[in-house]
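Chemist: Sharing a structure with you now.
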Amino acid sequence: MDFRTRSEYPEAVATAADLPTATRRSSDLSKHSAEVFAEAEDHPVTVTRRDGESLVLMSQREADGRARLLQFAAQLITVALDDSGSLAERMAKVYPWMLALSPADRDTCAQNLVDAARASFSTDQPHLAIAELTSWKETATAIAAGLGRAEPQWLDDDEAAETVERP
């Protein structure tokens, strides 16, 4: 097995410790709201208050990504607790769209989803798992719709040049 240290992947892997963090006072929110809101579009901002618990300001996209990742985690826990069948079979119970994939692709899909979930949680990047889940679901949907069954008809370079004009 090939193990590499994080330093061997310069700028390729972000960890939770590398993510920007911001803490602002509640007075900053009232005095410099445009600046704080702009910052919250890039990453969550913790707003501290003297009279209460700190609040976190984030974009709806960030909140939705975190909620989807937690939902995905709950589904993976359900799969992990089931002890009947292979990982791919258990995951197909939770994600019936996986049945449109070939058995080999189901195995690959199941492992890719678990790996993406681990990466998302370890780096605090929800989009890694959500993108993998979406990609596999769209692939299964395309296969179920019949795409990929017929061989594409390729045009020769000369034929393509005659058929399609340059805009």
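Read-outs: derived from the displayed coordinates by stated rules, not from any lab. For clarity, every value in this text was computed on a predicted model and none was experimentally measured. Positions of Cβ are backbone-derived with ideal geometry, glycine not excepted, and every protein chain shown enters the neighbour counts.
Chemist: What is the Cα coordinate range of the range 58-161 on the first, second and third principal axes, sorted by size from largest, in whole angstrom?
Modeler: Computed over the Cα atoms, the extents are 54, 40, 20 Å.
Chemist: Right, something else. Using the per-residue mean of other Cβ atoms lying within 10 Å as a proxy for protection, in what order, highest first, do the peptides 49-55, 110-116, 78-84 fall?
Modeler: Taking the mean over residues of other Cβ atoms within 10 Å, the ranking is 110-116, 78-84, 49-55.
Chemist: Extension gain GLU53-GLU138, at 0.36 nm per residue separation less the Cα-Cα distance, in nm?
Modeler: Full-extension gain reported as 26.4 nm.
Chemist: Which FRET efficiency value, to the nearest 0.05, do you get for HIS32 and ASP64 by plugging their Cβ-Cβ distance into 1/(1 + (r/R0)^6) with R0 = 25 Å?
Modeler: After rounding to 0.05, the efficiency reads 0.45.
Chemist: Is the range 27-105 best put as rounded, prolate or oblate by its Cα gyration tensor, with a ≥ b ≥ c the root eigenvalues, rounded for a/c under 1.5, and otherwise prolate when a/b is larger than b/c, oblate when not?
Modeler: prolate
Chemist: Something else now. Relative to the present Cα-Cα distance, how much length would full extension add between TRP154 and ALA119 at 0.36 nm per residue of separation?
Modeler: 8.7 nm is the gain from fully extending TRP154 to ALA119.
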